[in-house]
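Q: Let me give you the structure first, and then I'll get to my questions.
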Amino acid sequence: MQRRGHHIVALDPVTHALIAGPRYFDTSASTIAADSLAAFIEALPLRAIVLVGIRDDGSLKITERALRALESLGSSTARQVGFRDGWAMIGQKGMPIGGAVEEHRRRGSGTAQALFIHQPLHQTGAVQSMSLGPASAWKTLRWSGLANGDGTALAVDIYGRNQ
C-alpha cells in the first residue's frame with residue numbers, strides 16, 4: 001500500500017546498518033503525525049544518517065516542531081515544501097542547516113531525488129605498534145586483515161633497530 005506523507009529510515013553512520021524505520025508519517029492529514037515524525041527524529045542517535053522523502057503530500061499539517069527536527073538533519077528546504085511538492089533528503093543528525101543533500105521540486109515539475117556518493121571518513125591512515133623484542137633474530141612476520149574489493153590498498157612495513 002502506498003502511503004502519503006513523510007517516509008523515513010535511519011542508518012548507523014559507520015556500518016550503514018538500519019537502526020530505525022522504515023516509517024511513514026501522514027503529515028498531510030495530522031499534526032499528531034507531524035509531531036510523531038519530530039519525536040522519531042529527536043530520538044535518533046547523534047550522527048545517524050537519515051533518508052527522508054515525501055509521497056503525494058506532506059505539507060498540510062506539518063508542525064514547527066517537525067520542521068525544526070528536519071532542520072536538525074541539515075535540511076535547508078523543508079520549510080519551502082508546498083502542497084504536493086516533491087522533496088527528498090539525505091541528512092545526518094546534528095548536521096548544520098544546509099549540510100544535507102536534498103532536492104525540492106514544485107508540484108508538477110517531476111520527482112525529487114537526493115543523490116549522494118559516500119566518501120570514506122579517512123582517505124589514509126596508519127597504525128604503529130609498540131616496540132617488540134628483544135629478539136636474537138626475526139624470521140617470520142604474519143599479518144592478517146580485510147580489504148574491501150573497492151581498490152583499498154594495504155601495506156605492512158617493518159622497521160628494525162640495532163642495539
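Q: Any chance you could look up the accessible area of Thr63 with a 1.4 Å probe, heavy atoms only, rounded to 10 Å²?
A: Surface open to solvent at Thr63 totals about 20 Å².
Q: Averaged per residue, what accessible surface does region 5-110 expose to a 1.4 Å probe, in Å²? Can you show the working numbers first?
A: Values: 5000 Å² over 106 residues.
On a per-residue basis, 47 Å².
Q: Among residues other than Ile41 whose Cβ falls under 12 Å from its Cβ, what is the net charge (Lys/Arg +1, Asp/Glu -1)?
A: Values: positive: Arg23, Arg65, Arg68, Lys93; negative: Asp35, Glu42, Glu71.
The answer is +1.
Q: Could I ask something else about it? Could you check how much of the accessible area of region 64-116 is carbon and sulfur, as a whole percent, using a 1.4 Å probe? Each step should come with its number before you reach the end.
A: Values: 1370 of 2780 Å².
C and S fraction of accessible area: 49 percent.
Q: Further question on the same structure: Order Val127, Val81 by their accessible area, 1.4 angstrom probe, all chains in place, largest first.
A: Details: Val127 145, Val81 25 Å².
Most to least solvent-accessible, the answer reads Val127, Val81.
Q: Just how much of Leu51 is accessible, in Å², when a 1.4 Å probe is used and the result is rounded to the nearest 10?
A: Rounded to the nearest 10, that gives 60 Å².
Q: Rounded, prolate or oblate: pick one for region 38-120, where a ≥ b ≥ c are the square roots of the eigenvalues of its C-alpha gyration tensor, a/c under 1.5 means rounded, and failing that, prolate if a/b is larger than b/c, else oblate. Before the final figure, lay out each step's value.
A: Details: a/c = 2.16, a/b = 1.26, b/c = 1.72.
The shape class here is oblate.
Q: With a ≥ b ≥ c the root eigenvalues of the C-alpha gyration tensor of region 1-86, is it rounded (a/c under 1.5), prolate (a/b larger than b/c) or oblate? Write out the running numbers ahead of the final one.
A: On the way: a/c = 1.81, a/b = 1.52, b/c = 1.19.
Prolate shape, in that a/c is at least 1.5 and a/b is the bigger ratio.
Q: Put +1 on the Cβ of every Lys and Arg and -1 on every Asp and Glu Cβ in region 2-104; which of Ser72, Val50, Leu37 then has its Cα farthest towards the positive end of the dipole?
A: My answer, from the dipole projection, is Leu37.
Q: Now for a different question. Suppose accessible area is computed on protein heavy atoms with a 1.4 Å probe; arrange Trp87, Trp138 from highest to lowest. Could you put the intermediate results ahead of the total?
A: Values: Trp87 5, Trp138 175 Å².
Of Trp87, Trp138, the descending order of accessible area is Trp138, Trp87.
Q: Of Phe25, Phe83, Phe40, which has the most accessible area and how do the rest follow, probe 1.4 Å?
A: Numbers: Phe25 5, Phe83 85, Phe40 30 Å².
Descending order: Phe83, Phe40, Phe25.
The values are calculated or read from the model by the stated rules, or taken from the named source; none is laboratory data. Quick caveat: nothing in here was measured; it's all calculated off a predicted structure. A quick note on method: Cβ atoms are made from the backbone with ideal geometry, for glycine too, and the neighbour counts reach across all protein chains shown. These area figures cover heavy atoms from the full protein model, side chains too; ligands, DNA and RNA do not enter into them. Shrake-Rupley method; radii C 1.70, N 1.55, O 1.52, S 1.80 Å.
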